[in-house]
1. Go through the range 379-389 and give me each residue that's open to solvent by 40 Å² or more (accessible area, probe 1.4 Å) and of a type in the set (D, E, K, R).
2. Tell me the residue from Ser410, Ser388, Ser377, Ser416 that is more than 16 Å from ligand 2 (Cβ to nearest atom) and farther than 30 Å from Glu563 by Cα, please.
3. Suppose we keep only residues that are of a type in the set (A, V, I, L, M, F, W, C) and touching a strand residue (DSSP E or B) at 6+ places or on another chain (Cβ under 6 Å) within the range 601-617. Which one would you say is surrounded by the most Cβ atoms within 10 Å (Cβ to Cβ)?
4. Which strands (runs of 3 or more DSSP E) sit wholly inside the range 242-360 and have at least 3 residues that are within 16 Å of ligand 1 (Cβ to nearest atom) and under 24 Å from Glu539 (Cα atoms)?
5. Out of all the residues in the range 413-428, which are open to solvent by 10 Å² or more (accessible area, probe 1.4 Å) and either free of Cβ contacts under 8 Å to residues at least 24 places away in the same chain or more than 9 Å from ligand 3 (Cβ to nearest atom) (or both)?
6. Need the failing condition index for Ala453 against (1) out of contact with any helix residue (DSSP H, G or I) (no Cβ under 8 Å at 6 or more places or on another chain); (2) open to solvent by less than 40 Å² (accessible area, probe 1.4 Å); (3) farther than 19 Å from Thr510 by Cα, just the number.
7. Go through the residues of the range 390-406 one by one and say whether even a single one is polar (S, T, N, Q) and open to solvent by less than 20 Å² (accessible area, probe 1.4 Å).
Amino acid sequence: MTVAAEAPTTPTPPTAPTAPVTVRVAIEAPQHSGLIGPLDYLSTAPLLPGQLLRVPLGRREVLGIVWHGAAGLDELPSKKPVGAVFDSLPPLAPNWLALLDFAAAYYQRSVGELALAVLPPELRRIDPLQLSRRLARLAKLLARPMPADPAPALPALAAAQADAVQAITLAMAEAAPVPMLLQGVTGSGKTEVYLRAAAAALDAGKQALVLVPEINLTPQLEARFAERFPQRRMVAMHSGLTPAQRLASWLQAALGQADIVLGTRLSVFAPMTRLGLIVVDEEHDPSYKQQEGARYSARDLAVYRGRLERVPVVLGSATPSLESWLRVVQGRYQRLRLDQRVGDGALPRVRLFDMGVLPRPAAGELPPVLAPLVLQSLRERLGRGEQSLVFLNRRGYAPVLHCGACGWKSGCPNCSAWRVFHKRERTLRCHHCALVERVPRACPDCGNLDIAALGQGTERLEEQLAGLLPGARIGRLDADTARGQGELQSRLAQVHAGDVDVLVGTQMVTKGHDFRRVTLVVAVNPDSALFAADFRAPERLFALLMQAAGRAGRDADAAARSEVWVQTWHPQHALYQALQRHDMDAFAASQLAERQGAGLPPYSHLALLRAEARDAALATDFLRAAAAAAADLPGAEAVMVYPPVPATLNKIAGMERVQMLIEASSRARLQALLAAWMPALHGLRRSHKGLARWAIDVDPLAI
Ligand code: ADP
Ligand code: ZN
Ligand code: ZN
């Protein structure tokens, strides 16, 4: 983000007033209510910005945050007095308020909506007068003596690791540290760099904030931090916590008792008063973008927060986002590189299997699931007692059922999507709305009994592999087999324990796991992303395949015989050629050249205005009116508003989805236009009664 941030100064408590004063209070008000700013209330006691309190709203009482900035001047008699104040909590820090101000403005949400949404929901249910009791209980819990484990032995750093750690610790002493991109191949010891950098921050009496893209990666990283810092207090923040746990974590961070906060995207808003370091692991991961409500990017906000707090931000990845890459090229981020695997472990050999060389299947027959050479590689691993991963990014048994007699397909009546066949469950499931039905015995249209499953998902692949590899222990890891954290962790534990020979799965298998016995990774049918309408699809595929490849040969002894097989119809594609050489630089250069030629991000800045209605014409009309309103705004000539088009998935759960792309060459111009546009959009919303919802997505991931 390019907006310069000035760290606000710490406020001094106002002197006790004789008459009630007006205070601004941010409360939760969803965007569609049209309420933009904080509301004014009256208080007889002096209140500090950042204090939590309860205030009346209509006939209810809601949680609010005293906001900074001048309160409204006109003392309207209608102003109501504030309710109880959370006296036992320290006020949220000025930098926290500034972060929320920025995020709300940047993502075009009301500050109250965003600020209240990132607090633990449990706070809303608590009477401020009793909170002190909860805090006392928590304090007792915290007084528990920490285990007096001996300090763990540290591995000697490789030269590149030592350089990276030194650069980060030097940056800690700087007044305005430059964000750092830690680009390191899988298994190069990035996590060790995070640990050392965190140690430096903790030794200086500061806190470390560590972000991970997904909840299923938190336990691993938590374990490594816990092992390294047995004497320190670490709290987790992610959606897998109970409301009470979430509150406890938040309180410990807010009270400055937690030294390390580790969590998913929401934790970028963790209240921390002694922040010394921010780490964003797998910074390229799309999970950092919130896709509902305020559509913020935790990665981008982490960078902003680092600037605000004047602390180093370390963005780590084997396959950095092209946004971060370009900033390195422009000299705005400092790059730290780890080009070697730890202990000089070799990277696995990537082999492309050209599916075009296989003999054409006879009419009515399917091409083989696995090429003979790939199958042979799998059998070799089985023979040696090594593990293999087979990656197919599609769950279910088959993406669609089809009647050969009449042409019926298992479309979803509510969505513009196929219902996926789940064989074991005997269901047809729409992955976009909640519709689940039993699989019909015969074609619903013509009664034909012979309906066929077209294509292949992980469930089918598991079945096919069982047929091809008799006796092998085959496991599957996808959203269907790992529905909760418990199930996921137990499945991962099976793999680690060696109870699985071949693990089939979606991208879930590619993420960060330190599987020591895997020596073969097979990517089945990854080609579709090469020609997808979404311009980021190749970038994501490259990252996924590099991640998948990174699961092989993590044990140095096995690295030399580790391989990755990619089954493709396009082995000459630049993406696969770069993958084969583990060459992120070549891939980034080719993608950036394409993006620049097409005027796409990171060379331009985008926002999407989305509208949903039962009637597509109404949604389109809303967008057209919005475009007309935009054309009259100052600065409109610097921004391109494209005509409304149906979204890629143009119908979900009965709602027609239409969207409009807004593009500008400068972020500031885009921001200026969006801000000026908002009142008109709220007005149009009111005049389009049938509209179900609208939303603006700044820096959308997919268009
Ligand atoms: P990455 O995060 O880049 O994938 P990790 O930090 O997980 O890599 O390191 C891979 C493995 O190497 C881990 O088991 C880690 O404990 C080990 N490791 C990291 N740095 C060193 C080092 N300097 N000496 C020995 N082992 C190391
Ligand atoms: Zn039919
Ligand atoms: Zn559906």
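The values are calculated or read from the model by the stated rules, or taken from the named source; none is laboratory data. Just so it is clear, the structure is predicted and the values come from calculations on it, not from any experiment. Cβ atoms come from the backbone with ideal geometry, glycine included; neighbour counts cover every protein chain shown. Surface areas here come from the heavy atoms of the whole protein model, side chains and all, with no ligands, DNA or RNA. Shrake-Rupley method; radii C 1.70, N 1.55, O 1.52, S 1.80 Å.
1. Arg379, Glu380, Arg384
2. Details: Ser410 fails: more than 16 Å from ligand 2 (Cβ to nearest atom); Ser388 fails: farther than 30 Å from Glu563 by Cα; Ser377 fails: farther than 30 Å from Glu563 by Cα.
Going through Ser410, Ser388, Ser377, Ser416 in turn, just one is more than 16 Å from ligand 2 (Cβ to nearest atom) and farther than 30 Å from Glu563 by Cα: Ser416.
3. Pass one, the range 601-617, residues of a type in the set (A, V, I, L, M, F, W, C): 606-609, 611, 613, 616-617.
Now drop any that are not touching a strand residue (DSSP E or B) at 6+ places or on another chain (Cβ under 6 Å), which leaves 606-609, 611, 613, 616.
Values: Leu606: 18, Ala607: 25, Leu608: 20, Leu609: 24, Ala611: 29, Ala613: 22, Ala616: 18.
Filtering the range 601-617 for residues that are of a type in the set (A, V, I, L, M, F, W, C) and touching a strand residue (DSSP E or B) at 6+ places or on another chain (Cβ under 6 Å), the one surrounded by the most Cβ atoms within 10 Å (Cβ to Cβ) comes out as Ala611.
4. Numbers: elements: 260-263, 275-280, 313-317, 334-338, 349-354.
Here the list reads 313-317, 334-338.
5. Pro413, Trp418, Arg419, Val420, Phe421, Lys423, Arg424, Glu425, Arg426, Thr427 - these are the residues of the range 413-428 that are open to solvent by 10 Å² or more (accessible area, probe 1.4 Å) and either free of Cβ contacts under 8 Å to residues at least 24 places away in the same chain or more than 9 Å from ligand 3 (Cβ to nearest atom) (or both).
6. With respect to (1) out of contact with any helix residue (DSSP H, G or I) (no Cβ under 8 Å at 6 or more places or on another chain); (2) open to solvent by less than 40 Å² (accessible area, probe 1.4 Å); (3) farther than 19 Å from Thr510 by Cα, Ala453 is out only on (1).
7. So in the range 390-406, the residues polar (S, T, N, Q) come out as 393.
Next, only the ones that are open to solvent by less than 20 Å² (accessible area, probe 1.4 Å) stay: none.
So far as the range 390-406 goes, no, none of its residues is polar (S, T, N, Q) and open to solvent by less than 20 Å² (accessible area, probe 1.4 Å).
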